[in-house]
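Derivation of every value follows stated rules applied to the coordinates shown; laboratory data play no part. In this text, all values refer to a predicted model and were calculated from it rather than measured experimentally. Here the Cβ positions follow ideal geometry from the backbone for every residue, glycine too, while neighbour counts run over all protein chains shown.
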Amino acid sequence: MCKRPLSFWMGPVAACMGSLLLTCLGFPGNCQQVNPQPFVIPALREWTGAQGTFMLKNNAAIVVDPAYSEQLMTAAITFRDDLQAVKGTAHCKVRIGKPAKGDLYLTLDPADTSLGKEGYLFSVKDIIDIKANTPTGVFWATRSLLQILEQDPLHQRIPAGMARDLPRFAVRGFVLDCGRKFFTMDFLRNYVKLMSYYKMNDFHVHLNDNGFKGFYNNNWDSTYSAFRLENATYPSLTAKDGHYTKKEFIDLQKLAQQYGVNIVPEIDAPAHALPFTKAVPQIGSDKYGKDHLDLDNALTYEVMDNIFKEYLQGPNPVFIGKEVHIGTDEYAKQEAEKFRAFTDHYIRLVESYGYKARLWGALTHAPGTTPVKSANVTMNLWYNGYADPKEMIRQGYDVISTPDGWLYIVPAAGYYYDYLYLDKLYHKWTPNVIGDQVFPIDHPQIKGGSFAVWNDHVGNGITEKDVHHRVFPAMQVLAQKMWDGTDTAVSYEVFAEKSKNIGEGPGLNMMGKLKGDGADSLVLHYNFNQKEFPQGVLSLKGNNSYLRTPVKGIGYGYTVSFFIKPDENNKDNAVLFSSPDAVVKLKQGTTGKLGFSREGYDYTFNYSAPAGKWTHIAITGDNKTTSLYVNGVLCDRLEQGKRLFPNNYKMAVVQTLFFPLQYIGDQHNAVKGSFDDIKVYNHVLQPESILKLSVRNMGHF
């Protein structure tokens, strides 16, 4: 046995004791354990825990380094507003100067190039010191701190320590098909904030598309199509059932820049082009269908040039970001050479206005000799049969991993995914996995990844709320996978449980989650006591008659219970509950039956409430069904149905209800009658519990 000298053993001991001494002296509460890494999404890449806790107090300030005040002031103000939303009260002030104890300090360190364009450092001691190369890095640090605060019951404690964080992938994206389903500008603006909260930085907005003609008696003239952006050159191109003005779209992009998100607008051609051929019928293909542009027609190029030009030209263009997506997907294979020429033309057209071009991968599907520019061009690789990843990379394209077999949500269509398989994605997918091909995780041409929602089945009843219900949990998982890309330190089960404590971002509640009091999870209750309501009930007189509640609505997984005594003379469409999202009606249209409407869809239960008589109604809803109970008994259940077309095409019909609660009654056509004992629960009650609610003696029977 080899004997070690005493000095050999004393070195590690001295080092250990020195480390322990530093740990004990660093913060109050000497010799306590150092703080474990706080849970945020995406996870911090590096964390060095210390002892103690930073308490965010009401007199704290967000202090901006005077040397970088111009670059960081927008981030500081946004951070202040978001802190106020998290806390629920007025909070930090913003100032320029040196921080004092209890402040949050924002600065830049351009010399630390190891952090890249989006990395950041923050140190939590008696101040919180945030440092990055760029304002974007500083902003991402504020998102991590907000998530930590959100999980603290007091919304004010941040564990002491140091974080160093930066993304592995430059593009962390989401694609939204607005062409086949209109999403309001409010929805898009909320999604900018949602994505930013999870450091997802690439919002690809698919502006035009069309439905499948099989759902429209195989008639192109009646097939649904839409182009969602205001167009002055061809006014009939602008969708009449929902579009964005140029100003709205510019403002959206400016908001996105404020939140570290790139808006990538897509004008999709030469397939998926029915909106253009309806506006200018001469450019539609007689051979391949009116959703294809005629690439032999010179007018086709003139029209499409004019459309792109309207948004790209001039000192104040409509598209203000750096990249524009030109589509180029799923055109007729027989016309490969013409398709390649079209693709090359629009890459160069976009570049001539100073933008970078993006496109869908299709060049394996369209082989040929006509050259298509690849240098400084980014391709979404979605299906390897259309664009072989190895070959596209060999040709020189930068790529975004968008594999359909992993990342495509097509709501209620019966193919691809209604909801993504999050466990599988968490453990097995990273942006270097493209279909069945796997590349080195740090491959320089793989810029990142993007997942997508495609609304193929126009008119299937899917709402913004339904889409969001599918996207939000996927956003949490894929934010993690696109930021780091490696297996994370916690299991999916732990991640899924902890992620429930992080929401959509300050001020957002698109999921409609409401916290309840007590074991029964009652979130809202009106018993209309006689002190406030002399009759002991809420009486509505129709028209502009309502009670405004403190909440807008409740999302899937709810029970709404109430007693109703309608008057004899209620009009059609008399409203029981309402919000901008939906209305619940005593009489749906001319049916005389109870029902609801949302986003242009009308649904009817097989039940008519009797006039002049008290009845107990309970409505339960989740992401698949909406059920009606009358006097404790299930009366009707609206589930996903099927619509059958003459050519045997089938379409699922979604009949969900994000329950409106902003008004009991309505500002325009309220029900005439009386309500009592309105209760809202944040879960679906069992039938026996609903029966108990219905038999309680309220003194009205």
For this session: Report ³J(HN,Hα) in whole Hz for each residue of the stretch 533-549, in order, from the Karplus equation J = 6.51 cos²θ - 1.76 cosθ + 1.60 where θ = phi - 60°; Gly and Pro get x.
Result: 10, x, 7, x, 9, 8, 10, 10, 10, x, 6, 7, 9, 6, 10, 8, 9
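Between LYS93 and THR184, what FRET efficiency comes out of the Förster formula 1/(1 + (r/R0)^6) with R0 = 35 Å and r the beta carbon distance, rounded to 0.05? Could you put the intermediate results ahead of the total?
Working: r = 34 Å, r/R0 = 0.96.
The calculated FRET efficiency here is 0.55.
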Exercise. Measuring from label point to label point, each 7 Å out along Cα→Cβ, what is the LEU255 to PHE212 span in nm?
Worked result: 3.4 nm
Seminar exercise, completed: If amide H atoms are modeled at 1.01 Å from N in the peptide plane, then the residues at a separation of 5 or more from PHE451, or on another chain, having amide H under 5 Å from its own are GLY173, PHE174, VAL175
Problem set entry | Inter-site label distance for THR113 and LYS428 at 7 Å from Cα along Cβ, in nm | 4.1 nm
Exercise. For SER499, SER401, SER225, what ranking results if the residue with the fewest other Cβ atoms within 10 Å of its Cβ goes first?
Worked result: SER499, SER225, SER401
Problem set entry | Full-stretch length increase - GLN282, HIS683 - with 0.36 nm per residue and alpha-carbon distance subtracted | 138.9 nm
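Using 0.36 nm per residue, how much length does the chain from ASP221 to ALA496 gain when fully extended, once their Cα-Cα distance is taken away? Let's see the in-between values first.
Working: separation 275, 0.36 × 275 = 99.00 nm, distance 4.64 nm.
My answer for the length gained is 94.4 nm.
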Exercise. Given H placed on each backbone N at 1.01 Å, which residues far from GLY503 in sequence or on other chains put an amide H within less than 5 Å of it?
Worked result: none
Problem set entry | Hypothetical label at ASP520: residues of the stretch 622-637 whose amide nitrogen lies under 18 Å (7 Å Cα-Cβ projection) | 629-633
For this session: Treat each spin label as a single point 7 Å out from the Cα along the C-beta direction, and report the ILE320 to LYS101 distance in nm.
Result: 4.3 nm
Exercise. Picking from GLY505, THR107, MET162, whose Cα lies most toward the positive end of the charge dipole for the chain (charges on Cβ: Lys, Arg +1; Asp, Glu -1)?
Worked result: MET162
Exercise. Hey, fewest Cβ within 10 Å first, where do LYS465, LYS87 land in order?
Worked result: LYS87, LYS465
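Roughly what percent of Cα-Cα pairs across the chain reach past 34 Å?
Details: 134065 of 245350 pairs.
For the chain, the share of Cα pairs beyond 34 Å comes to 55 percent.
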Exercise. Over the stretch 25-165, what is the relative contact order in whole percent, taking alpha-carbon pairs under 8 Å and six or more residues apart?
Worked result: 31 percent
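Determine the relative contact order of the chain: mean sequence separation of Cα pairs under 8 Å and six or more apart, normalised by residue count, in whole percent. Intermediate results must be reported in sequence, preceding the final value.
On the way: 1535 pairs, mean separation 70.1, N = 701.
Rounded, it is 10 percent for the chain.
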Exercise. For the stretch 401-408, in order, what is each residue's ³J(HN,Hα) by Karplus, 6.51 cos²θ - 1.76 cosθ + 1.60 with θ = phi - 60°, in whole Hz (x at glycine and Pro)?
Worked result: 6, 9, x, 4, x, 10, 10, 9
Exercise. Ranking PHE249, PHE212 by Cβ neighbours within 10 Å, fewest first, what do you get?
Worked result: PHE212, PHE249
Seminar exercise, completed: Length gained, ASP622-TYR421, 0.36 nm per residue minus C-alpha separation, equals 70.4 nm
Seminar exercise, completed: Once the dipole of the stretch 25-165 is set up from charges on Cβ (+1 Lys and Arg, -1 Asp and Glu), the residue from the list PHE39, ASN58, ILE77 lying farthest towards its positive end is ASN58
Seminar exercise, completed: Calc'd 3J(HN,Hα), the stretch 609-622, phi into Karplus 6.51 cos²θ - 1.76 cosθ + 1.60 (θ = phi - 60°), Hz, glycine/Pro = x, comes to 6, x, 7, x, 9, 6, 9, 8, 10, 9, 10, 10, x, 10
Exercise. How would you order 652-660, 214-222 from highest to lowest mean count of nearby Cβ atoms within 10 Å?
Worked result: 652-660, 214-222
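Suppose R0 equals 30 Å. What FRET efficiency, 1/(1 + (r/R0)^6) with r the Cβ-Cβ distance, do THR615 and ASN509 give to the nearest 0.05?
Numbers: r = 31 Å, r/R0 = 1.05.
For THR615 and ASN509, the calculated efficiency is 0.45.
Dipole size in debye (nearest 20) for the chain around its Cα centre, Lys and Arg Cβ +1, Asp and Glu Cβ -1?
Working: 73 positive and 71 negative charges, 306 e Å.
Rounded to the nearest 20 debye, it is 1460 debye.
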Exercise. Once amide H atoms are placed 1.01 Å from N in the peptide plane, what residues at a sequence separation of 5 or more from LEU229, or on another chain, have their amide H within under 5 Å of its amide H?
Worked result: ALA239, TYR244
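Using a Förster distance of 22 angstrom, determine the FRET efficiency expected from the C-beta separation of GLU391 and GLU351, and round it to 0.05.
Values: r = 23 Å, r/R0 = 1.03.
It comes to 0.45.
Under 8 Å for C-alpha pairs, at least 6 residues apart: give me the relative contact order for the stretch 210-330, rounded to a whole percent.
Working: 164 pairs, mean separation 32.3, N = 121.
Relative CO of the stretch 210-330 lands at 27 percent.
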